[in-house]
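Notes follow once the structure below has been shown.
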Amino acid sequence: MQSLIDEQKNWQKICAAEDYEHPDFKAVLQDVFGRAAAYHRKQWEFVVIYLNLLKAGKINPDATGASFGAGREPLIYLIAERVKQFTATDLYRFNTGWTTAKVDKNLTCRDFVLELAGEDFPREKLDVQDMDMRDLAFADNSLDFCSSSCAFEHIGDFEDFVSHLKEVKRVLKKDGVYVMTTEHLFCHPTIKTKGNYKFSLDYLASVFAAADFFPATTLDEHLESSKLNQVKPELGALDGFNEEVINLFPGIILSKFGVPYTSSCFVFRNDQQQPFELPENRSSEQAELCQHQISKNIQAIYADYKTLNPTAKLNKNSRSVMNDHLEYLVSNHEDHFELMPIEKGHFTFTELIYLADYAFSFQVLIDLFQSAKLRFKLIRAEQLKPTSRSVVESKILQLDGSSRLQFNHQAEPGYVYALAIATAEGKEVPLKSIQVQCKVHS
């Protein structure tokens, strides 16, 4: 397979659907992974990491490598059986919130990872270590290669990212290669949620510079115009919607609260001396395209009244979990995701929704067993800081029996909106039924 690699193809790039049509990508996906094309960014990450290691000549019987934040990802087994020695590392703990690294108390982390190895897997080639990405337990200049698949953004904050890259630089041999994928934002500043960052390219460039460890100079940010490169609609606010369903549909670009993102892959070399430079004349075409698609999605979903989950934000375990992780068994552990604080007294609190610049209406259909005084609140939060909530409109109403209420507002592009209802008297709410709906107006 090494002889089939197109040396001119740049696999330091953002995730794009057209990559699935490249002969090298097809060959690795079919012959190494044994999978059909899913047009899913996690599948893309695994294949592109393998392709970059293959292109660098690191998938060979004499090579020694490691992966970070590896859990039990398929790359562990596919790479280990093709090299001399391989170490999978993660925070393998019995009490972790990440299911992919949650080890039973009666198992070693190595036994845990080997549970998914095939019968013919060469187990002697694989070591498994409980290891922090900021403090790598490898000797200086000891690894030919290493990799990580969307683990980098979960380390912590700026200094943690820098510490990790410095450690990788230390443990790699002079001609060593580090291939990593991480979160890529198209048109927004970095989302600085500790343990769950999403990166702008500018921010990543500052991390690389601080670590004095640089990837190749050119990042391919091109996207062909295709349906598979369009932004998936955000459906998690709808009543009865199972977020796992979205993984059944192909698509490379996702969004959360109207912020589009995908994955990007970077290839670091210890002998790379030239600093990473942001592409000149960076086009805003992709950003504009993403925003246009998100606006179209909003219009398509909310052209008519759609019923929302009325208690989406009343679950105290609610986290800003990205639904594309669910298929890969990422838990919603509080160490990794922001909590949404909930005040006492609320019995309705919808998910925050991005509605671009549309005028919109929240409609409430409520039926009470007896009269009650209720507080209705239209909530607004910053798009990139959904916990920074403020009340746009508040009404206290005395209701009896069945009522239909409507709240109208003009959305602003930098904000997300929700409707909350609480008792105004500190009493139990005599609620027979409630339905909250949303509609946008052209």
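If you take the residues of the range 92-128 that are among the acidic types (Asp, Glu) and part of a helix (DSSP H, G or I), which of them is modelled with the highest pLDDT?
Glu124
Looking at this structure, is Ala63 of a type in the set (A, V, I, L, M, F, W, C) and modelled with pLDDT under 95?
no
Take the residues in the range 127-149 that are surrounded by fewer than 21 Cβ atoms within 10 Å (Cβ to Cβ) and under 17 Å from Gly71 (Cβ atoms); name whichever of them is nearest to the chain's Cα centre (by Cα).
Of everything passing the filter in the range 127-149, Asp132 is nearest to the chain's Cα centre (by Cα).
Using the structure shown, decide if Val207 is under 30 Å from Pro61 (Cβ atoms) and among the β-branched types (Val, Ile, Thr).
no
Here are some conditions: (1) more than 30 Å from the chain's Cα centre (by Cα); (2) surrounded by fewer than 16 Cβ atoms within 10 Å (Cβ to Cβ). Ala372 meets all but one. Which one does it not meet?
(2)
Cβ contacts < 8 Å: first residue buried (at least 19 other Cβ atoms within 10 Å of the Cβ), restricted to the range 30-54; second residue outside any helix (DSSP H, G or I) and of a type in the set (Asp, Glu), any location; separation 6+ or different chain. Result?
Close Cβ pairs (under 8 Å, with a partner that is outside any helix (DSSP H, G or I) and of a type in the set (Asp, Glu)) amount to Phe46/Glu73.
For Ala205, indicate whether it is part of a helix (DSSP H, G or I), surrounded by fewer than 16 Cβ atoms within 10 Å (Cβ to Cβ) and in contact (Cβ under 8 Å) with a residue 12 or more places away in the chain.
No; evaluated as a whole, the condition is false for this residue.
Can you work out which of the residues in the range 161-175 that are among the basic types (Lys, Arg) and at pLDDT 95 or above is nearest to Leu204 (Cα to Cα)?
So, considering only residues that are among the basic types (Lys, Arg) and at pLDDT 95 or above, the one nearest to Leu204 (Cα to Cα) is Lys166.
Scan the range 188-199 for residues that are buried (at least 18 other Cβ atoms within 10 Å of the Cβ) and either more than 17 Å from Glu221 (Cα to Cα) or hydroxyl-bearing (Ser, Thr, Tyr) (or both) and report the count.
Of the residues in the range 188-199, 5 are buried (at least 18 other Cβ atoms within 10 Å of the Cβ) and either more than 17 Å from Glu221 (Cα to Cα) or hydroxyl-bearing (Ser, Thr, Tyr) (or both).
Yes or no: the range 174-183 includes at least one residue that is in a loop (DSSP other than H, G, I, E, B) and surrounded by 15 or more Cβ atoms within 10 Å (Cβ to Cβ).
no
Under 7 Å between Cβ atoms, which residue pairs at least 6 apart in sequence (or on different chains) link something in the range 112-133 that is on the phi > 0 side of the Ramachandran plot with a partner that is part of a loop (DSSP other than H, G, I, E, B)?
Close Cβ pairs satisfying both conditions: none exist.
Please return the ranges of strands (runs of 3 or more DSSP E) entirely within the range 342-431 where 3 or more residues are more than 27 Å from Ser255 (Cα to Cα) and assigned by TED's automatic domain parsing to the domain that holds Lys256.
Where strands (runs of 3 or more DSSP E) fall fully within the range 342-431, none carries at least 3 residues being more than 27 Å from Ser255 (Cα to Cα) and assigned by TED's automatic domain parsing to the domain that holds Lys256.
Just one of Gly57, Gly71, Gly65 is closer than 23 Å to His164 by Cα and in a loop (DSSP other than H, G, I, E, B); which is it?
Criteria check complete, one pass: Gly71.
The values are calculated or read from the model by the stated rules, or taken from the named source; none is laboratory data. Here the structure is a predicted model, which is why all the values come from computation and not from measurement. In this analysis, Cβ positions are derived from the backbone assuming ideal geometry, glycine residues included, and neighbour counts consider all displayed protein chains.
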